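Structure, as structure tokens:
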Amino acid sequence: MSATLLSPQQLTDFAAELDALRQEQIESLGEADARYIRSIVHAVRHSELAGRTLLFFGWLPPLWLAGTTLLGLAKILENMELGHNVMHGQYNWMRDPGLHSDNYDWDTVCPAAQWKHSHNYMHHTYTNIVGKDRDVGYGILRLFPEQPWYPAALLQPVYAAALALGFEWGVAFHDLEIDRCMNGQKSWQQVWSELKSIAPKVRRQLLKDYVIFPLLAGPAFIPVLLGNLTANLMRNLWAFGIIFCGHFTEETQAYPIDVLKEERRGAWYYRQLLGSSNIEGTRLFHILSGNLSHQIEHHLFPEIPAWRYAAMAPEVKNIADRYQLPYNTGRLGRQLFSTWKRIFTHALPGRHVPTLTTQE
């Protein structure tokens with residue numbers, strides 16, 4: 001379904017409907033939300049404890065497999081449903097210091113403060129605006145025809161696979177803007193200064209997973225080391241898949257920087273809707289994705305607790321349908337295929353395609 005261009009009045013009405021839905025959710029925040037996120041905290045803690053304990057007996061293959069799986073699931077759940085959503089400020093209203101975006105730091109090498117700048121501010125403000133949203137290609141991939149082609153892009157399926165395997169490192173180094181240094185737009189001295197601010201978090205993570213816990217395991221040093229490495233790879237591959245499927249399926253749109261000129265609420269909502277994709281699945285699937293399987297709703301309402309998105313999605317789709325706007329959703333396999341098709345397609349030189357505007 002192609003997008004209808006909305007008139008200024010339609011954009012105003014579109015914004016009013018989505019604002020009303022948002023306000024309805026905010027006014028109903030309460031104990032159910034608190035119970036839910038605290039249950040996620042308990043699930044993360046218990047699964048991590050069980051996983052790490054089993055890995056201490058990791059010379060037995062069944063226990064290594066069980067421990068690694070539990071630890072990987074704990075890291076996925078902590079990264080996606082706990083860390084991502086808490087650091088968005090979705091639970092600040094609870095006034096719980098442990099669940100406040102100012103205090104929480106997740107189990108990954110990227111420091112929370114850096115991520116909140118590159119993601120909460122840059123990405124959610126400038127979603128899919130080429131030249132402003134650095135999540136468009138993460139500085140190394142050409143994912144839209146509006147991006148310039150360069151010969152190195154021919155190898156971007158390889159870059160994408162490497163990014164998937166080491167996704168936490170890609171996120172950690174994302175805000176350094178290495179590509180701007182290589183173009184002479186940023187000094188290497190500034191990069192070095194920013195890198196030093198990342199180093200303490202990187203050191204803590206490496207020590208925890210690859211030195212301290214393996215040493216505590218004594219004779220199970222190698223099984224624990226390999227289990228921790230595998231759990232981190234599980235988390236990286238899962239996060240890459242969910243996030244890329246939410247942003248870079250074939251149907252998602254990119255925008256020129258001039259859309260920011262006098263962009264009002266309705267046009268911002270329009271850009272979020274057309275720059276996002278959802279993934280269909282079970283309730284457990286949505287929880288493990290941090291409900292970023294509802295990326296459309298997350299881009300529209302990033303401050304609303306993500307576990308509510310499943311209930312909000314039908315109303316968002318109804319609103320989109322009334323304005324004849326696409327609501328892109330599909331099963332994981334379909335969305336993964338579409339995403340990788342985009343990665344391969346735009347590795348090749350192609351003609352420039354004008355970006356979509358929001359109104360007639």
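The values are calculated or read from the model by the stated rules, or taken from the named source; none is laboratory data. Owing to the predicted nature of the structure, the values given are computational and were not obtained by experimental measurement. Glycine also receives a Cβ, built like all others from the backbone with ideal geometry; neighbour counts cover every protein chain displayed.
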**Complete:** Ile279 vs (1) touching a residue at least 60 places away in the same chain (Cβ under 8 Å); (2) β-branched (Val, Ile, Thr); (3) not in a loop (DSSP other than H, G, I, E, B): all pass except (1)
**Request:** Quick one: which residue in Gly131, Gly139 is at pLDDT below 95, under 23 Å from Leu336 (Cβ atoms), surrounded by fewer than 18 Cβ atoms within 10 Å (Cβ to Cβ) and of a type in the set (Gly, Ala, Ser)?
**Result:** Gly139
**Prompt:** For the stretch 286-339, what are the residues that are among the hydrophobic types (A, V, I, L, M, F, W, C), more than 19 Å from Gln25 (Cβ to Cβ) and crowded, with 23+ Cβ neighbours inside 10 Å?
**Reply:** none
**Asked** Can you spot a residue in the stretch 294-305 that is part of a loop (DSSP other than H, G, I, E, B) and at pLDDT below 95?
**Response** no
**Message:** Looking only at the stretch 109-155, count every residue that is among the polar types (S, T, N, Q) and over 13 Å from the mean Cα position of the chain (by Cα) and tell me the total.
**Reply:** 4
**Message:** With the requirement that a residue be within 25 Å of Arg204 (Cβ to Cβ) and of a type in the set (S, T, N, Q), what does the stretch 93-147 give you?
**Reply:** Ser101, Asn103, Thr108, Gln114, Ser118, Asn120
**Message:** Please go through the stretch 247-267 and give me each residue that is without any contact (Cβ under 8 Å) to a residue 60 or more places away in the chain and assigned to a helix (DSSP H, G or I), ordered by number.
**Reply:** Asp258
**Asked** Restricting attention to the stretch 208-220, does a residue exist that is exposed (fewer than 14 other Cβ atoms within 10 Å of the Cβ), over 24 Å from Tyr327 (Cβ atoms), modelled with pLDDT of 90 or more and in contact with a helix residue (DSSP H, G or I) (Cβ under 7 Å, 6 or more places away or on another chain)?
**Response** yes
**Prompt:** Could you list, in sequence order, the residues of the stretch 282-294 that are aliphatic (A, V, I, L, M) and without any contact (Cβ under 8 Å) to a residue 12 or more places away in the chain?
**Reply:** Leu284
